[in-house]
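Novice: Quick one: this structure, given as C-alpha cells, is what I'll be asking you about.
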Amino acid sequence: MGFFLGFFFLPGLCGLVIGFFVRFFAFCGNYFLDHLWLIYCLPLFAVISIWLFRRIRIPATKEIYQNIFATEPLFAKLNLPLLFIFSSLNQLFGISTGREGVGVQMGVLLSEIFGQGSFRKRLGIACGFSAIFLTPITAAFFAFEIHKKNRNWFSFPLVWIGAVAAREVRLSFAPEFSILPPAEFNLERYFLTFLVSLLLFAVFLKLGVWLFHSVHEKFRIFFGKMNPYAAILIFSMAMIGLTLQFQDGKYNGLGFNLIHSIEAGQGVWYDFFIKLLATTSALGSGLIGGEVTPLFSLGFSLGDSFAHLTHQSEYIFRYLGQCAFFALYFSVPMAGLALGFELLGFQALFPLSLILFFGVVIQASINRTKSSSLGKTFKH
C-alpha cells in the first residue's frame, strides 16, 4: 500500500511544495538585484544562519548527497521549512549557491512520508530534481546514477513517470520560472569541421571541474580551522567587496545573471574564476545551498571562453559546456546526455557524448596513474 501511495501522491506533493519554493526563490533573487544594498545585511544573516545551524542539526551542502544515501530518516521534520527558508534567503542577500540540493532533499524528505526504501528515495530525488529544472529524463537518470544502492533499472520507467508528473504539477503552479530555453541548435557544419576541438574542450572542462573541487576543498579546510563566526564574517566581507566592485550582481545568486550577461556579449575571460570563487567560498563556509545551477553558469562561461580562444561557435560551446560540466562534476554521464537532449535536441547527443567519453577516458587515465604511483610507494 505504501508503494502505491508513494508512487501516486509523491510527484504531486513534490510539484506543489517545490513550485512554491521556486516562486519564493525567484522572488528573493530578483529582489536582491533590484536592491543591491541588501548585501550589507549579509554578515548579520550569515551569523544568524551559522548560529541556528549549530543549534539545530542542519546539513551543510557537502553532506546533502551523503545524507540521501543514509538508511535512516534524514532529518527532523523541522528541517524541511528551515532548508526552504534559509536557502531562499541566501538569494535575498546575494549568496552564490544553487537550489537543486535543497530541492532534492525536499523530494527525499517528502518520500519518507510514505516509508523507507531505495525506490521511494530514488523517486523523491527524481521528483525533486524534475520539479526544479523541468527535465524529467535527466532527473530519472540523475536519481539512478547518484543513488546506486539496490539499483533496479526495471523501475526506471516508473521513476521517469513520477518525474514527469512532478514537472507538470510544478508547471501548473509556477510556470514562469524554469531553466533557460535555448534557441535552435544547428550542428550540420560542426559535425564535419570541429571534432578535434571536442577533445580539447573535454580537457578544458576536466581542468575546470578539478579546479572547482580543489578550491572548494581548500575553502572547506581554511574555514574549518577558524571560529565559525569569524569564518562567516570573512566570507561576508569578501562578498560585499565583490558585489560593490562589479555592481551588476552577475556573480551573485544562482548564476542566471552571469548567463544573461554572456548572452548579451558582456562576458569576460575571468567570469568563470570569479563565479567559482563566489560559489566555492559560500559552500566551504558552511552555508546551505545547491551546486547544480552555479555549475550550469560555470560550464556556460567555460564554453564561451573556449569558443573565443579557438574561434568556434560561442553558442554551441556554451550549451555543450553547460551540460558537460554538470555531468563531469557529478560523474553522471547519462544524466548529462539526457539534459543535452531535453535542452538542445537530438543533434547535441553526438558531440556531447564524445565530450563525456573523452572526459571519462581522461579521468580513468588519471585514476590509473594515481593507482600506479600508490603501488610503487607501497612496494618501496
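The values are calculated or read from the model by the stated rules, or taken from the named source; none is laboratory data. Only a predicted model underlies this, so the values are computations on that prediction, with no experimental measurement involved. Note: ideal-geometry Cβ built from the backbone for every residue, glycine included; neighbour counts use all protein chains shown. Protein only, heavy atoms only, side chains kept; ligands, DNA and RNA dropped before computing areas. Shrake-Rupley method; radii C 1.70, N 1.55, O 1.52, S 1.80 Å.
Novice: Given the criteria under 21 Å from Trp210 (Cβ atoms), hydroxyl-bearing (Ser, Thr, Tyr) and part of a helix (DSSP H, G or I), does Ser301 qualify? Quick ask: steps written out before the conclusion?
Specialist: On the way: under 21 Å from Trp210 (Cβ atoms): yes; hydroxyl-bearing (Ser, Thr, Tyr): yes; part of a helix (DSSP H, G or I): yes.
Yes: the conditions hold for Ser301.
Novice: In addition: For the stretch 281-298, how many residues meet the condition of being within 11 Å of the chain's Cα centre (by Cα) and assigned to a helix (DSSP H, G or I)?
Specialist: Residues meeting the conditions: 7.
Novice: Within the stretch 171-212, how many residues are under 30 Å from Phe24 (Cα atoms), modelled with pLDDT under 90 and not aliphatic (A, V, I, L, M)?
Specialist: Result for the stretch 171-212: 8.
Novice: Enumerate the helices (runs of 4 or more DSSP H) found wholly within the stretch 305-380, keeping only those where 1 or more residues are at negative phi, modelled with pLDDT of 90 or more and open to solvent by 60 Å² or more (accessible area, probe 1.4 Å).
Specialist: Per the criteria, 333-344, 349-379.
Novice: Let me ask another. What number goes with the only condition from (1) closer than 29 Å to His308 by Cα; (2) assigned to a loop (DSSP other than H, G, I, E, B) that Ala278 does not pass?
Specialist: (2)
Novice: Okay, next question. Looking at Ile274, is it among the hydrophobic types (A, V, I, L, M, F, W, C) and under 17 Å from Gly208 (Cα atoms)?
Specialist: Spelling it out, Ile274 is indeed among the hydrophobic types (A, V, I, L, M, F, W, C) and under 17 Å from Gly208 (Cα atoms).
Novice: Another question, then. Where residues in the stretch 249-272 are in contact (Cβ under 8 Å) with a residue 60 or more places away in the chain and closer than 24 Å to Glu217 by Cβ, which of them is most open to solvent (accessible area, probe 1.4 Å)?
Specialist: Leu254
Novice: Tell me, please, whether a residue that is more than 21 Å from Phe296 (Cα to Cα), of a type in the set (A, V, I, L, M), within 22 Å of the chain's Cα centre (by Cα) and in a helix (DSSP H, G or I) can be found in the stretch 211-226.
Specialist: There is at least one residue in the stretch 211-226 that is more than 21 Å from Phe296 (Cα to Cα), of a type in the set (A, V, I, L, M), within 22 Å of the chain's Cα centre (by Cα) and in a helix (DSSP H, G or I).
Novice: Being out of contact with any helix residue (DSSP H, G or I) (no Cβ under 6 Å at 6 or more places or on another chain) and at pLDDT below 90 is the filter; apply it to the stretch 122-150 and report the residue that is surrounded by the most Cβ atoms within 10 Å (Cβ to Cβ).
Specialist: Restricting to residues being out of contact with any helix residue (DSSP H, G or I) (no Cβ under 6 Å at 6 or more places or on another chain) and at pLDDT below 90, the top hit is Phe133.
Novice: Something else now. Go through (1) within 18 Å of Gln322 (Cβ to Cβ); (2) buried (at least 17 other Cβ atoms within 10 Å of the Cβ) for Phe223 and report which single condition fails.
Specialist: Here Phe223 meets the rest and fails (1).
Novice: Considering (1) open to solvent by 10 Å² or more (accessible area, probe 1.4 Å); (2) in contact with a strand residue (DSSP E or B) (Cβ under 9 Å, 6 or more places away or on another chain), say which one Gly98 fails and leave the rest.
Specialist: Answer for Gly98: the failing condition is (1).
Novice: Specify the residue that is least open to solvent (accessible area, probe 1.4 Å); the eligible residues are those in the stretch 199-211 that are closer than 13 Å to Gly321 by Cβ and of a type in the set (Phe, Trp, Tyr).
Specialist: Selected residue: Phe201.
Conditions (1) within 25 Å of Ser197 (Cα to Cα); (2) without any contact (Cβ under 8 Å) to a residue 24 or more places away in the chain, marked per residue:
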{"site": "Ile274", "(1), (2)": "no, no"}
{"site": "His311", "(1), (2)": "yes, yes"}
{"site": "Ile316", "(1), (2)": "yes, no"}
{"site": "Leu320", "(1), (2)": "yes, no"}
{"site": "Met334", "(1), (2)": "yes, no"}
{"site": "Ala348", "(1), (2)": "yes, no"}
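Novice: If the Cβ limit is 9 Å and pairs must be 6+ apart or interchain, which residue in the stretch 29-55 that is part of a helix (DSSP H, G or I) pairs with which residue that is hydrophobic (A, V, I, L, M, F, W, C) and open to solvent by 80 Å² or more (accessible area, probe 1.4 Å)?
Specialist: Leu42/Met237; Pro43/Met237
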